[in-house]
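Q: Quick one: structure below, then a few questions.
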Amino acid sequence: MQDMKEMKPLLEAIMKSAKRIKVAIDVKDIGYSQQENSSGETQLQLDIQCDMIIEEELSHVPSVHTLASEEKEDAMAVHADGKYLIGFDPLDGSSLVDVNLSVGSIFGIYTNDFEAKSMLASCYVVYGPRVELVFAFEGQVRLYLLQGGEFEYVKEIKLNEKGKLNAPGGTQQNWEPYHKAMVDGLFQEGYRLRYSGGMVPDLHQILLKGGGLFSYPATSDKPEGKLRQVFEVFPFAMIFEYAGGGAIDGKNRVLEQSPRHVHDTSPCFFGSNYEINRVKEVYANV
Ligand code: P6P
């Protein structure tokens, strides 16, 4: 349990960041800045502000050695004798704020390096009608709800063996035919379409509604997928595996990957076991 005591200051700093980010989101000016992130996307003022909030709060934690943000090209050294490297996406799906859809912050907590096998814990916050936080550590996925200014523990999250929701990402005209046939096949089995374009709320819904499949495959325009391994894919992969489901790149567990660069992406499928096995069957011979 020593590690949980060590995790506590980190979790508290993430919770404090989340409360400040919620306030920042409720602002009028959500215009674009003159800056671009490492993926060449023009940053919203809000992206920069949320990145600063998290950097400020996590820098105060003595156990933080390095911070790597999706919004910044290079990682930042913090405390030389710190133990943890934090990879984070400060406000994923931020372009959805101006149409009042849910967005989120995602965190991976690593030791030694940003390889999937070095990730010790992961966390996300979803900013919607309510603010909720999910923390995965030591095989458990714990849900918290922001109430009266504090995050209260709600329950442990577990996935059913088979779900009902289908969240197909990526531009359909750029899907491989076998991927399109798989997605359509699930709809023909009665799965319901649940896709907002925000990774955090889309995956949160599958986790809390018992399961299903979220897919962001390799496409003709994005052959390595779109979602970032260190900041997005690995954190959610730990959460889905600990919740009793799976997370693969089509064939293998994404938690076996070693990114060449901190901003690398990967095709990714997150879901209940039934749906993950369906993906493996379809992708086995491609
Ligand atoms: P598409 C948001 O920009 C994001 O990075 C994820 O939050 C989301 O899952 C994905 O992109 C949506 O991408 O190509 O389906 O619009």
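The values are calculated or read from the model by the stated rules, or taken from the named source; none is laboratory data. It should be emphasised that the depicted structure is a prediction, and the values quoted were computed from it without experimental measurement. Neighbour counts run over all protein chains shown; Cβ positions are idealised from the backbone, glycine included.
Q: So which of Gln34, Gln43 is free of Cβ contacts under 8 Å to residues at least 60 places away in the same chain, part of a strand (DSSP E or B) and loosely packed, with under 14 Cβ neighbours inside 10 Å?
A: Numbers: Gln43 fails: loosely packed, with under 14 Cβ neighbours inside 10 Å.
That would be Gln34, the only listed residue that is free of Cβ contacts under 8 Å to residues at least 60 places away in the same chain, part of a strand (DSSP E or B) and loosely packed, with under 14 Cβ neighbours inside 10 Å.
Q: Filtering the stretch 179-214 down to residues that are part of a strand (DSSP E or B) and surrounded by 24 or more Cβ atoms within 10 Å (Cβ to Cβ), which residue is farthest from the chain's Cα centre (by Cα)?
A: Taking the stretch 179-214 and keeping what is part of a strand (DSSP E or B), we get 192-193, 212-214.
From what is left, the residues that are surrounded by 24 or more Cβ atoms within 10 Å (Cβ to Cβ) are 212-214.
Numbers: Gly212: 17, Leu213: 15, Phe214: 12 Å.
In this case the residue turns out to be Gly212.
Q: Tell me which of these Phe135 doesn't satisfy, since it passes every other one: (1) free of Cβ contacts under 8 Å to residues at least 24 places away in the same chain; (2) in a strand (DSSP E or B).
A: Every listed condition holds for Phe135 apart from (1).
Q: Could I ask something else about it? Restricting attention to the stretch 72-102, which residues are surrounded by 22 or more Cβ atoms within 10 Å (Cβ to Cβ) and away from the ligand (no atom under 12 Å from the Cβ)? Can you show your working first?
A: Within the stretch 72-102, the first condition is being surrounded by 22 or more Cβ atoms within 10 Å (Cβ to Cβ), and the residues that meet it are 84-92, 94.
Answer for the stretch 72-102, where residues must be surrounded by 22 or more Cβ atoms within 10 Å (Cβ to Cβ) and away from the ligand (no atom under 12 Å from the Cβ): Tyr84, Leu85, Ile86, Gly87, Phe88, Pro90.
Q: Could you please give the count of residues in the stretch 145-171 that are free of Cβ contacts under 8 Å to residues at least 24 places away in the same chain and within 22 Å of the chain's Cα centre (by Cα)?
A: In the first step, residues of the stretch 145-171 are kept if they are free of Cβ contacts under 8 Å to residues at least 24 places away in the same chain; the result is 145, 147-148, 150, 152-156.
Right, trim to within 22 Å of the chain's Cα centre (by Cα) and you get 145, 152-156.
Total satisfying the criteria: 6.
Q: Let me ask something else. For the stretch 241-282, enumerate the residues that are away from the ligand (no atom under 16 Å from the Cβ) and in a strand (DSSP E or B).
A: Across the stretch 241-282, the qualifying residues are Gly246, Ile248, Arg253.
Q: Here are the criteria: (1) in contact with a Phe, Trp or Tyr (Cβ under 7 Å, 6 or more places away or on another chain); (2) closer than 24 Å to Ser95 by Cα. Tell me which single one Gln205 does not satisfy.
A: Failing condition for Gln205: (1).
Q: Determine if the stretch 86-99 includes at least one residue that is at pLDDT 95 or above, at positive phi and part of a loop (DSSP other than H, G, I, E, B).
A: Yes - at least one qualifying residue is present in the stretch 86-99.
Rundown of residues vs (1) of a type outside the set (Ser, Thr, Tyr); (2) farther than 11 Å from Phe270 by Cβ; (3) in the same structural domain as Gln257 (by TED's automatic domain parsing); (4) within 14 Å of the ligand (Cβ to nearest atom), yes/no style:
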| residue | (1), (2), (3), (4) |
| --- | --- |
| Pro177 | yes, yes, yes, no |
| Lys180 | yes, yes, yes, no |
| Gln188 | yes, yes, yes, no |
| Ile206 | yes, no, yes, yes |
| Lys209 | yes, yes, yes, no |
| Leu213 | yes, no, yes, yes |
| Glu224 | yes, yes, yes, yes |
| Phe236 | yes, no, yes, yes |
| Ile239 | yes, no, yes, no |
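Q: If you don't mind, another one. Among the residues of the stretch 117-152, write down those that are over 16 Å from Asp89 (Cβ atoms) and of a type in the set (Gly, Ala, Ser).
A: Hits for the stretch 117-152 are Ser118, Gly128, Gly139, Gly148, Gly149.
Q: Given the condition surrounded by 12 or more Cβ atoms within 10 Å (Cβ to Cβ), assigned to a loop (DSSP other than H, G, I, E, B) and either at pLDDT 95 or above or of a type in the set (Gly, Ala, Ser) (or both), answer yes or no: does some residue in the stretch 12-24 qualify? So that I can check it myself, show each step before the final result.
A: Going residue by residue through the stretch 12-24, those that are surrounded by 12 or more Cβ atoms within 10 Å (Cβ to Cβ) are 12-22, 24.
Restricting the remaining residues to those that are assigned to a loop (DSSP other than H, G, I, E, B) gives none.
Within the stretch 12-24, not a single residue is surrounded by 12 or more Cβ atoms within 10 Å (Cβ to Cβ), assigned to a loop (DSSP other than H, G, I, E, B) and either at pLDDT 95 or above or of a type in the set (Gly, Ala, Ser) (or both).
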